[in-house]
Amino acid sequence: MTGRMRRLLGSVCLTVTAAAPEQVLNRLVREGVFFWDLQRPDPFTCRFSVRRRDRQRAEELAERSFGTVVEARETGLPLLVPKLLRRKFLICALGLVAVMMTVLPGFVWCIHVEGNDKVPAEKILQELEKLGVGFGTRGGDIVSQDLKNQMLNIIPELEWLTVNRSGGLATVVVRERLTADEPIDRREICNLVSAEDCLITQMEVLSGHALCEPGDVVQKGQVLVSAYQELEISTQVTRALGEIYGNTWHDQDAVTPAEAVCKGEVTGEQRRYAVEIGKKRINFYGDSGIWGTGCDKIVVNHPLTLPGGYTLPIGWIEEIAVERETETATVPPAEAADILRTGAAGALKQSMIAGQILEDRTAVRREGAVYRLTGDYACHEMVARPVPAIQWESEGTT
């Protein structure tokens, strides 16, 4: 009999004293009483364990061998059951745990998205919620094939989707569609024109007839590469393609307020709490929940997180409102200059397809309630832009 079965069926540890303990042990063997864990604390004492049902018989055999049972200690599950039955709250808790372990795995309590890169996980979860897959959804209601077909129609950026469920955890595995650049329609007749007044520095013409070369100075709107190329006996019409870089010069003018409203000292703090269970929110405050305009609002979410980092849509929310005084302060000239220079350079870079700022000469001065920046920027950028050739022919430019 294994140790687990002994603990399950129960056992009794007997301590027997006799003039000859060996006679007690021999009689037990002859009568077929199984015992184990034999110990000899002294020459007149032996200690051993027997099955719970063999206790009375073992005590009788010990007395027949002129021995005395001085101690009998019971162990095992049968001894614990009566004690557990007296604890009704513990029994109810164990019953509730058993029901939860049986029922809860049949529902979805946590959803995890894998494989997404460009499509936000929040968008995928929101669309799944609209289709009936979310917190508390019964697992048998999820049909992966139907769900995939609907989700691919709703989110065209997805190429494949499936839902793997393990107990209360549903893992949404997606594969995003590879998007290639829109192909250029070579049947459209286009010229390449200059987007700025510039000095041409580099030309890479893939198709079309180049009308300028590096070192030429061109004006804004001037044709750089024509879609029409004269051959010996015919004219070839195509779409002009290529990259043309040149040195350009830009004037920038920007302003920023000289005074700003700043946060002052803290005058007070308020805290409010709420509990969120799925889409249900229980507020533990009675007002409308709208803070004053002079408050800094901080929202701290404390979701219930399972081992492994899976977050359940259950938790409590803490809202902190910090009341501050406001004051008007003058922006330091150095700080205003940094703001203006950073903003002007950023706006200029955004207007370029490709390129960089080579040199800048800027000046910042105070003009009443604002700081003003004026500057000249020397840039190296891609200046070629495609324009339909028919338009240029109608205007007589080509």
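Please identify every one of the trypsin sites (Lys or Arg not before Pro) in the stretch 118-158 that sits in a loop by DSSP and has no more than 11 other beta carbons within 10 Å of its own beta carbon.
On the way: sites: 118, 123, 130, 138, 148; in loops: 118.
Passing sites in the stretch 118-158 are 118.
So if I take the alpha carbon set of the stretch 67-173, get Rg, then get Rh from the Kirkwood formula, what is the Rg over Rh ratio? Display every interim value, and only then the final one.
Values: Rg = 24.3 Å, Rh = 17.5 Å.
Reported Rg/Rh (Cα atoms, Kirkwood Rh): 1.39.
Using the Karplus curve 6.51 cos²θ - 1.76 cosθ + 1.60 with θ = phi - 60°, work out ³J(HN,Hα) for each residue of the stretch 315-331 in order, rounded to whole Hz, and write x for Gly and Pro.
Values, residue by residue: x, 10, 10, 10, 10, 10, 10, 9, 8, 10, 7, 10, 9, 9, 10, 7, 6 Hz.
Defining a contact as two alpha carbons under 8 Å apart and six or more residues distant in sequence, what relative contact order in percent does the chain show?
Contact order relative to length: 13 percent.
Please report the carbon-and-sulfur percent of the accessible area for the stretch 1-125; probe 1.4 Å, protein heavy atoms only, DNA, RNA and ligands left out. If you can, show how the numbers build up before the last one.
Details: 4990 of 8400 Å².
Whole-percent figure for carbon plus sulfur exposure: 59.
Out of 95, 76, 115, whose Cα points farthest toward the positive end of the dipole of the stretch 47-118 (charges: +1 Lys, Arg; -1 Asp, Glu; placed on Cβ)?
Positive-most Cα among the choices belongs to 76.
Once fully extended, how much extra length lies between residue 39 and residue 57, figured as 0.36 nm per residue of separation less the alpha-carbon to alpha-carbon distance?
Numbers: separation 18, 0.36 × 18 = 6.48 nm, distance 1.99 nm.
Result: 4.5 nm gained on full extension.
Towards the positive end of the charge dipole of the chain, with charges on Cβ (+1 Lys, Arg; -1 Asp, Glu), say which of 343, 331, 286 has the farthest Cα.
286
If the chain between residue 312 and residue 334 were fully stretched, how many nm would it gain, using 0.36 nm times the residue separation less the Cα-Cα distance?
Numbers: separation 22, 0.36 × 22 = 7.92 nm, distance 4.85 nm.
Gain on stretching residue 312 to residue 334: 3.1 nm.
As a test of reading the structure, rank 100, 352, 151, 203 by solvent-accessible area (1.4 Å probe, protein chains only), most first.
Solvent-accessible surface, decreasing: 100, 203, 352, 151.
Quick one: order 16, 97, 300 from most to least accessible surface, probe 1.4 Å. It would help to have the intermediate numbers written out before the result.
Numbers: 16 0, 97 75, 300 50 Å².
Ranking 16, 97, 300 by accessible area, largest first, yields 97, 300, 16.
Using a simple charge model, +1 on the beta-carbon of Lys and Arg, -1 on the beta-carbon of Asp and Glu, nothing else, what dipole does the chain show about its Cα centre, in debye to the nearest 20? Mind showing how you got there, number by number?
Numbers: 45 positive and 54 negative charges, 960 e Å.
Computed charge dipole of the chain: roughly 4600 debye.
Roughly what would the spin-label model give for residue 370 and residue 90, points 7 Å off Cα along C-beta, in nm?
Distance between the two pseudo-spin positions: 7.9 nm.
More than 23 Å apart: what percent of Cα pairs in the stretch 110-264 qualify?
Details: 7602 of 11935 pairs.
That tail contains 64 percent of the Cα-Cα pairs.
I need the calculated FRET efficiency for the pair residue 100 and residue 131, taking r as the beta carbon distance and R₀ as 25 Å, to the nearest 0.05. Mind showing how you got there, number by number?
Details: r = 27 Å, r/R0 = 1.08.
For R0 = 25 Å, the calculated efficiency reads 0.40.
Taking the inverse of the average 1/r across all pairs of different Cα atoms in the stretch 329-390, what Kirkwood radius in Å do you get? Please report the intermediate quantities before stating the final value.
Numbers: mean 1/r = 0.0730 Å⁻¹.
13.7 Å is the Kirkwood radius here.
7 Å from Cα along Cα→Cβ at both residue 154 and residue 353: what's the point-to-point distance in nm?
So the label points at residue 154 and residue 353 sit 3.9 nm apart.
Give me the Å³ per residue figure for the convex hull around the C-alpha atoms of the chain.
Details: hull volume 158.1 nm³, N = 398.
That works out to 397 Å³ per residue.
Efficiency by 1/(1 + (r/R0)^6): what FRET value for residue 9 and residue 166, r their Cβ-Cβ distance, R0 = 45 Å, to the nearest 0.05?
Working: r = 36 Å, r/R0 = 0.80.
The value I calculate is 0.80.
Work from the charge dipole of the chain (Cβ charges, +1 for Lys and Arg, -1 for Asp and Glu, about the Cα centre) and give the residue of 65, 14, 311 farthest towards its positive end.
Highest projection toward the positive end goes to 65.
Report residue 154's accessible area, 1.4 Å probe, all protein chains in place, as a number in Å² to the nearest 10.
Roll a 1.4 Å probe over it and residue 154 shows about 70 Å².
Within the stretch 277-357, which trypsin sites (Lys or Arg not before Pro) sit in a loop by DSSP and count at most 13 neighbouring Cβ atoms inside 10 Å?
Details: sites: 279, 280, 281, 297, 324, 341, 349; in loops: 279.
In loop regions of the stretch 277-357 (DSSP not H, G, I, E or B), the sparsely surrounded trypsin sites (Lys or Arg not before Pro) are 279.
At 0.36 nm per residue, and after removing the present C-alpha to C-alpha distance, how many nm does the segment from residue 271 to residue 122 gain when stretched out fully?
On the way: separation 149, 0.36 × 149 = 53.64 nm, distance 2.82 nm.
Stretched fully, the residue 271-residue 122 segment lengthens by 50.8 nm.
Would you mind telling me the share, in percent, of accessible area of the stretch 276-369 contributed by carbon and sulfur at probe 1.4 angstrom?
Values: 3500 of 6500 Å².
Carbon with sulfur: 54 percent of the solvent-accessible area.
Just read off the accessible area of residue 124 with the full protein assembly in place, 1.4 Å probe, to the nearest 10 Å².
0
Show me the chymotrypsin sites (Phe, Trp or Tyr not before Pro) within the stretch 199-294 that DSSP assigns to loop and that have at most 10 other Cβ atoms within 10 Å of their Cβ.
On the way: sites: 228, 245, 249, 273, 284, 285, 291; in loops: 284, 285, 291.
When the chymotrypsin sites (Phe, Trp or Tyr not before Pro) of the stretch 199-294 are filtered for loop state and at most 10 Cβ neighbours within 10 Å, 284 remain.
Find the accessible area per residue for the chain; the probe is 1.4 Å, ligands and nucleic acids are left out, and the unit is Å².
Working: 25380 Å² over 398 residues.
Each residue of the chain exposes 64 Å² on average to a 1.4 Å probe.
Which log10 I(q)/I(0) values does the stretch 132-198 give at q = 0.14, 0.19, 0.29 Å⁻¹ under the Debye formula, counting every alpha carbon as one identical point scatterer?
At q = 0.14, 0.19, 0.29 Å⁻¹ the computed log10 ratios are -0.58, -0.84, -1.30.
Shape call for the stretch 235-356 from the C-alpha gyration tensor, a ≥ b ≥ c root eigenvalues: rounded (a/c under 1.5), prolate (a/b greater than b/c) or oblate? List each step's numbers first, then the result.
Numbers: a/c = 3.92, a/b = 1.62, b/c = 2.43.
Oblate is the answer for the stretch 235-356, as a/c is 1.5 or above yet b/c matches or exceeds a/b.
Once both labels are modelled 7 Å past Cα along the beta-carbon direction, what's the residue 205-residue 75 spacing in nm?
Result: 9.8 nm between the two label points.
Rounded to the nearest 0.05, what FRET efficiency do residue 233 and residue 213 have when you use their Cβ-Cβ distance and R0 = 30 Å?
Details: r = 26 Å, r/R0 = 0.87.
Taking R0 as 30 Å, the efficiency between residue 233 and residue 213 is 0.70.
The values are calculated or read from the model by the stated rules, or taken from the named source; none is laboratory data. This one's a predicted model, so the numbers in the text were calculated from it and none came from an experiment. In this analysis, Cβ positions are derived from the backbone assuming ideal geometry, glycine residues included, and neighbour counts consider all displayed protein chains. These area figures cover heavy atoms from the full protein model, side chains too; ligands, DNA and RNA do not enter into them. Shrake-Rupley method; radii C 1.70, N 1.55, O 1.52, S 1.80 Å.
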